[in-house]
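A.B. asks: After the C-alpha cells below, expect a handful of questions from me.
A short reminder: the numbers here are calculations on the coordinates, not readings from a lab. If you're wondering where the values come from, they're calculated on a predicted model, not measured in any experiment. Counting neighbours? That spans all protein chains shown, and the Cβs are built from the backbone with ideal geometry, glycine included.
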Amino acid sequence: MSKEQNATVGSVLKKKLVVALLSGFIALGALIGVFGFSGTAFALPLGGIGDFYVKFDELNGKGFQLMPQIGETGESDAEPMIRNKIEEVEITNFIS
C-alpha cells in the first residue's frame, strides 16, 4: 500500500462522540422534564398498579359488574380491593 491509500479502521472522532453523547443526554433530560412537568411521572406506577382519580360530569353505562376481592398491595398481603367492569360506557366532560 502506498501512503495515499492508508485507511484508518476503528478510529473514533472524539468531538463527534462528545457531541452525540451530550445531545442524547440533553434529549433524555428534556423527555424526563416533560414527564415531570406534565404530571405524567406521578401517574406511572412504581410497584403495582397504583391509584388514579378522574373527574367527569356524567357517566352512562350498560353491563356494570362490581367484583370485590381480597388482594395483595405494596403495603399489605390482604387488603380489600374493588374491581369494576362496564361493557359500554359514555362519559361526558371527562377531566383527567
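A.B. asks: Starting from 0.36 nm per residue, how many nanometres of slack lie between Asp77 and Glu58 once their C-alpha separation is accounted for?
C.D. replies: 3.3 nm
A.B. asks: Something else: Please list, in order along the stretch 61-73, the HN-Hα scalar couplings obtained from phi with the Karplus expression 6.51 cos²θ - 1.76 cosθ + 1.60 (θ = phi - 60°), rounded to whole Hz, x for Gly and Pro.
C.D. replies: Result, rounded to whole Hz: x, 10, x, 7, 10, 10, 10, x, 7, 9, x, 8, 10.
A.B. asks: I would also like to ask the following. Give, in nm to one decimal, the length gained when the segment between Asn93 and Val9 is fully stretched (0.36 nm per residue of separation minus the Cα-Cα distance).
C.D. replies: 24.0 nm
A.B. asks: First select every other residue whose beta carbon is under 12 angstrom from the beta carbon of Gln69; then total the charges, Lys and Arg +1, Asp and Glu -1.
C.D. replies: Neighbourhood net charge equals -1.
A.B. asks: In addition: Quick check: residue separation of Lys85 and Leu31 times 0.36 nm, minus the Cα distance between them. What number comes out in nm?
C.D. replies: Result: 16.0 nm gained on full extension.
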